[in-house]
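Written below as structure tokens is the structure these notes are about.
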Amino acid sequence: MAAFAQFSGGGLPEPPKKKYDPFDNNVRVWTIDTRYGTADTITIDTAIRNHQDNRPEMKYSIANSWNGNMGSPLESKIFFDRFYDPISHRLRNKSDNMFSSAYEAYTILPEDMQYMDNRHPFAQLSYRTAFPKYHEEDYVKALISLNANKYFNFGGLCNFIYGRGQYQKQSSNMVNGGFWARYTGKPYEFNLMAMFNSYKNLENGGISDDNYILDGRNIKPENIPVNLQSAQSKYRDFCYLFNHRYRIGKYVEDSISPDSTRVYYQPIVVVGHSFRAEDVKRHYYEMAIPPGFYGQNNYSDNLTHDSTAYWTIRNTLSVTLDESFNKKAKFGVSAFVEYEVRHYGVGYRSADTARTENSILHNLCVGAIWSKNQGKFIKYNFNGKVYVVGERIGNFDVNGDLKGMIPFKKDTVEIGGMDISAGASFARTSPYHLYYNYFSNHFCWENMELKNPLTLDIHGRINVNVAEQEISLGVNFRNITNYTYLNENVMPTQVDGSAQVLAIDAMLNLKAWLFHLDAKAVYQISSNRDAIPLPDVALYGNFYFMHRFFKKVLTLQIGVSCAYHTEYYANVYVPALGQFRTQKDVLVGNYPDMNAYVTFHVKTIRFFLQYAHLNAGAFGGNNRLSMPGYPINPGTFQMGLSWNFWN
């Protein structure tokens, strides 16, 4: 397994000089702040255990509303997972394009791009599939990373999903990937990426009657009638980023022992520029329109061809006082100015008529950050931005985070520690632009009088790790004024006044002899269940046996996992919009979804076998709906392989 250097903030540090080792598999991986270009360490996917859960929707959240087919649109049932990564609490990509939200679990945007530095060529190939025959669900991932020298790295990746679906007219087809390059010299560095994301989904509108599932009828999934027979959606997103920085500094001589010194380049001021562009299109087709499903047809009773387009170009100039320059007061200060132009296009085309409308918007915002990202015990980050010109003038975002670490030692040996983090943010934002004006064959709204939401977020977490035992407790609170959502009539609506959401979560990673328990529990309270319906409790548990055999060459893991949440009125998917709306007709939940699996790890190869949803039709009840109209897939046999190649 690879080893990983740890760093956070600033430019990428040079690796220590050491004797050449042909078996050195050291890989450093990081994402960057797309405004400032600063790096934040992450780990590459080489984990020995739980390979069976290496799916986009499992990484996104422990509970999701979706049609059960990998590559299909989804929405987390955990409120704060819609905005923050559940592990790192890093803000998710919240695009100005409303159609992107349903594909966030799969899409690669500049914030997600993982840059690499590896002494030797590295490649990774992964494949997983699910049966039965003719209903397979295939997922292929390929990645390669090469270093031309210690300063320049380039690579590429490609992900492919083809889910045929257990139910009629449900297939999904996803392809995304692209390439990256980075150069890290002493005064000058750059990061470059170009990514594409393409999704094609057959839309069946859900099964025609939920009682096929709720009554426990013994009928094959492919024989259950569905609402739509000829509907399809296409969504594609091209994104580009070029971030480069020049570090103005000097060479410094430093004594490392009484007899030796070293000379290194010390940055003082960093001047940066970032160019970002994104081009998005969505199409929705129907070759035949069933009566009554949508309720209205605005331009044709026979066919639908709705289209939307969105592109944005953003240029950012930044100046940073390097954190490592001031030896006495170690903190960094940065400021930026950013200009953005955005385009929205909406249209339709039928045999008799066509209509398009376009709008171009300009915004200028300024901001600053005060941070300390180096050091072991205390780190902080306080930043803010405000829009000073354009359609978003007056919008702002002020936030801060504080992190501390307390090590646990035994006889001067560190055996664990406690991490404490807390933060808050206060922001004035705008609803999606298309919430004001939108038209299509089935939905139309104009000149909506929507107010800008005000959001106050407060969060905290305590993580304790001692001798392979880990416990994490977290709390998140949000107060939202003018919360905006799609109501039961699929119209943009705002809460009159404020709404609050409180979530408390606990995560456990426990070990007793060769047995392990990984678990997460989330308790949620919504003050307005009509606008923000959420399950009160969501649980995920994974109990397994793990041991190394044959002189620790083979790692074997055997276990069972289970996901569960309490009943609630889950949001339902609207195919023509690619969005989720509220509903008060069907309760979803109070059902366990259980899996049994075995995984193997041999050197650089990981392999798993899994029977998913093993309790289907056997125990746990019949309410196996993910959301109204969309059942969880029946029991399926799954297998997968991942192989890392060094040199």
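Restricted to segment 1-56, and to residues there that are modelled with pLDDT of 50 or more, of a type in the set (Gly, Ala, Ser) and closer than 21 Å to Arg247 by Cα, the residue that is surrounded by the fewest Cβ atoms within 10 Å (Cβ to Cβ) is Gly37. Quick one: which of Phe293, Phe275 is out of contact with any strand residue (DSSP E or B) (no Cβ under 7 Å at 6 or more places or on another chain) and open to solvent by 50 Å² or more (accessible area, probe 1.4 Å)? It is Phe293. So is Ser307 at pLDDT 95 or above, more than 24 Å from the chain's Cα centre (by Cα) and open to solvent by 30 Å² or more (accessible area, probe 1.4 Å) or not? It is true that Ser307 is at pLDDT 95 or above, more than 24 Å from the chain's Cα centre (by Cα) and open to solvent by 30 Å² or more (accessible area, probe 1.4 Å). Of all residues in segment 382-393, none that is of a type in the set (Val, Ile, Thr) has its Cβ atom under 6 Å from the Cβ atom of a residue that is in a loop (DSSP other than H, G, I, E, B) and open to solvent by less than 50 Å² (accessible area, probe 1.4 Å), 6 or more apart or on another chain.
Val269: of a type outside the set (Phe, Trp, Tyr) and modelled with pLDDT of 90 or more, yes or no? If you could, list the steps in order and put the result at the bottom.
Working: of a type outside the set (Phe, Trp, Tyr): yes; modelled with pLDDT of 90 or more: yes.
So Val269 passes the test.
When Asn118, Asn149, Asn153 are checked against the criterion of being open to solvent by less than 10 Å² (accessible area, probe 1.4 Å), free of Cβ contacts under 8 Å to residues at least 60 places away in the same chain, polar (S, T, N, Q) and out of contact with any helix residue (DSSP H, G or I) (no Cβ under 8 Å at 6 or more places or on another chain), Asn153 stands alone in meeting it.
Working only within segment 234-287, note down all residues that are over 31 Å from the mean Cα position of the chain (by Cα) and among the hydroxyl-bearing types (Ser, Thr, Tyr). Steps first, please.
In the first step, residues of segment 234-287 are kept if they are over 31 Å from the mean Cα position of the chain (by Cα); the result is 247-269, 287.
Of everything in segment 234-287, those that are over 31 Å from the mean Cα position of the chain (by Cα) and among the hydroxyl-bearing types (Ser, Thr, Tyr) turn out to be Tyr251, Ser255, Ser257, Ser260, Thr261, Tyr264, Tyr265.
Kindly check whether there is at least one residue in segment 166-180 that is under 19 Å from Pro634 (Cα atoms), of a type outside the set (A, V, I, L, M) and in contact with a Pro (Cβ under 6 Å, 6 or more places away or on another chain). So that I can check it myself, show each step before the final result.
Step one: filter segment 166-180 for residues under 19 Å from Pro634 (Cα atoms), giving 166-172.
Within this subset, residues satisfying the condition of being of a type outside the set (A, V, I, L, M) are 166-172.
Imposing the further condition that a residue be in contact with a Pro (Cβ under 6 Å, 6 or more places away or on another chain) reduces the set to 166-167.
Yes: segment 166-180 contains one or more residues that are under 19 Å from Pro634 (Cα atoms), of a type outside the set (A, V, I, L, M) and in contact with a Pro (Cβ under 6 Å, 6 or more places away or on another chain).
Of all residues assigned to segment 467-479, at least one qualifies as being under 30 Å from Pro575 (Cβ atoms), of a type in the set (D, E, K, R) and buried (at least 16 other Cβ atoms within 10 Å of the Cβ).
For segment 368-403, what are the residues that are under 13 Å from Ala427 (Cα atoms) and assigned to a strand (DSSP E or B)? Result: Asn383, Gly384, Lys385, Val386, Tyr387, Phe396, Asp397, Val398, Asn399, Gly400.
Farther than 22 Å from Arg478 by Cβ, in a strand (DSSP E or B) and either more than 29 Å from the chain's Cα centre (by Cα) or not hydroxyl-bearing (Ser, Thr, Tyr) (or both) - does that describe any residue in segment 494-508?
Here is the first cut: in segment 494-508, the ones farther than 22 Å from Arg478 by Cβ are 508.
Of the ones still in play, those that are also in a strand (DSSP E or B) are 508.
Pick out the ones that are also either more than 29 Å from the chain's Cα centre (by Cα) or not hydroxyl-bearing (Ser, Thr, Tyr) (or both) and you get 508.
Yes, some residue in segment 494-508 is farther than 22 Å from Arg478 by Cβ, in a strand (DSSP E or B) and either more than 29 Å from the chain's Cα centre (by Cα) or not hydroxyl-bearing (Ser, Thr, Tyr) (or both).
Could you check how many residues of segment 544-563 are open to solvent by 60 Å² or more (accessible area, probe 1.4 Å) and in a strand (DSSP E or B)? So the count comes out to 5. Filtered by the rule that a residue be in contact with a Leu (Cβ under 8 Å, 6 or more places away or on another chain) and open to solvent by less than 70 Å² (accessible area, probe 1.4 Å), segment 443-462 gives Phe443, Arg461.
The values are calculated or read from the model by the stated rules, or taken from the named source; none is laboratory data. Just so it is clear, the structure is predicted and the values come from calculations on it, not from any experiment. Glycine also receives a Cβ, built like all others from the backbone with ideal geometry; neighbour counts cover every protein chain displayed. Keep in mind that these areas ignore ligands, DNA and RNA; they rest on the heavy atoms of the full protein, side chains included. Shrake-Rupley method; radii C 1.70, N 1.55, O 1.52, S 1.80 Å.
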